[in-house]
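In what follows, a structure is listed as structure tokens, so that the remarks can point back to it.
The values are calculated or read from the model by the stated rules, or taken from the named source; none is laboratory data. Just so it is clear, the model here is predicted, and its values are computed rather than measured. So basically every Cβ, Gly included, is an ideal-geometry build from the backbone, and we count neighbours across all protein chains shown.
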Amino acid sequence: MNRFTKILATAVLSLLLVMQGGLAMAKKGKGKAPVTMIMNVEGQIEYSKNGKKWKKVRRNKFLFPGYLIRTGADGKGTFLNQSTGASRALSGDTVVEITAEGAKATKGTLADAVKGGGNLVASLGNRFKKAQKYTTVRRGVKKDHKIKLKTATHKKNSAYHLSATWPQLVWNNEGKEYSYRLSVDDQTFDIAASEGNMVRFALNGMEPGKHLYSVEVIKGDAVVYKPKKRSSFIWLSADREQSILAAVPDDELMKAMVLDSEGVMVGSLDLYQRFFEGNRDDNDMRPMLIQNLHNLKLGKLKKIEANLFNVIRNEEE
């Protein structure tokens with residue numbers, strides 16, 4: 001398999017993961033997922049959401065209906081269509097409109113489509129509608145703080161995987177006055193109070209397979225919250241961990257999505273956060289991070305990111 005084929009295969013996989021995972025509505029494509037991705041960018045390539053403000057494309061970028069792409073004389077790239085898996089080469093001095101069907105040249109021409117390795121048609125259905133809800137910030141009457149700590153758990157349709165490379169459990173920090181008692185199988189760990197919205201704790205020496213855990217919340221000497229049942233996670237074997245590492249692409253956003261799809265949710269969280277901190281303009285893709293926070297039961301961070309998603313979206317209108 002040559003280098004281009006490997007890159008294309010990785011892009012196809014990553015785009016499929018986006019379709020399956022669901023995304024929030026794009027500014028000009030309400031209720032729609034990205035329809036194509038531009039990759040292998042070289043030279044001068046710019047994108048716009050409204051035809052007025054243009055920004056340089058510096059890396060692989062997912063594109064929604066209504067986006068525009070234009071190239072300078074030296075601009076080159078490749079469009080990957082999510083619904084067909086086909087790719088089309090982009091050359092210099094071209095303007096392209098992104099429609100529901102994919103890329104359409106309004107100036108210059110696009111190369112003929114090259115058939116992809118498989119059909120990527122995917123129905124977003126209820127999962128997509130659910131992802132849209134993650135971006136909604138509900139404001140109600142402020143109530144007295146009542147501890148009810150939720151923790152992520154391994155499920156058939158929502159895996160929670162840890163390993164030697166990704167060993168951290170995470171949960172909401174209820175406040176700097178609270179400490180925690182973590183129980184994993186028959187081990188117990190006392191975790192001191194800290195500031196911030198999230199608590200992390202790294203495990204080590206775990207055997208591959210399923211493990212049960214729970215988190216008690218402590219204030220002073222009193223346990224103020226104890227869960228009724230335990231959550232779970234799967235510790236990956238070294239071989240499984242290495243196979244995931246070998247399949248992860250270099251592109252930071254794609255890497256986050258691949259890890260997320262593999263249930264390595266904390267590893268993907270770190271990549272999502274780093275990506276969006278440095279790429280505010282990719283706000284249309286932020287629901288991937290918001291959904292990850294939802295699955296990890298990190299409600300405080302989820303609310304912050306949902307607020308930011310809406311603030312940036314309103315700025316762009």
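Exactly one residue out of 259, 271, 245 is under 18 Å from residue 60 (Cα atoms), in contact with a Ser or Thr (Cβ under 9 Å, 6 or more places away or on another chain) and either in a helix (DSSP H, G or I) or hydroxyl-bearing (Ser, Thr, Tyr) (or both): that is 259. Within the range 28-78, the only residue that satisfies the criterion of being in contact with a Ser or Thr (Cβ under 8 Å, 6 or more places away or on another chain), small (Gly, Ala, Ser) and assigned to a strand (DSSP E or B) is 77. May I ask you to say which residue of 241, 305 is acidic (Asp, Glu) and more than 23 Å from residue 174 (Cα to Cα)? Exactly one residue qualifies, and that residue is 241. Listed conditions (1) under 26 Å from the mean Cα position of the chain (by Cα); (2) of a type in the set (Ser, Thr, Tyr); (3) outside the structural domain of residue 293 (by TED's automatic domain parsing) are all met by residue 225, apart from (1). Of everything listed in (1) within 14 Å of residue 185 (Cβ to Cβ); (2) assigned to a helix (DSSP H, G or I), the single unmet condition for residue 210 is (2). When residue 234 is tested against (1) at pLDDT 95 or above; (2) under 18 Å from residue 134 (Cβ atoms); (3) aliphatic (A, V, I, L, M), just one condition goes unmet, and that condition is (2). Note on the range 84-103: residues that are within 12 Å of residue 63 (Cβ to Cβ) and either part of a strand (DSSP E or B) or in contact with a Phe, Trp or Tyr (Cβ under 9 Å, 6 or more places away or on another chain) (or both) amount to 7. Among the residues in the range 254-265, are any surrounded by fewer than 24 Cβ atoms within 10 Å (Cβ to Cβ), in contact with a Leu (Cβ under 7 Å, 6 or more places away or on another chain), assigned by TED's automatic domain parsing to the domain that holds residue 195 and not β-branched (Val, Ile, Thr)? No, the range 254-265 contains no residue that is surrounded by fewer than 24 Cβ atoms within 10 Å (Cβ to Cβ), in contact with a Leu (Cβ under 7 Å, 6 or more places away or on another chain), assigned by TED's automatic domain parsing to the domain that holds residue 195 and not β-branched (Val, Ile, Thr). No other residue among 243, 237 is farther than 26 Å from residue 188 by Cβ and either surrounded by fewer than 17 Cβ atoms within 10 Å (Cβ to Cβ) or touching an Asp or Glu at 6+ places or on another chain (Cβ under 6 Å) (or both) apart from 243.
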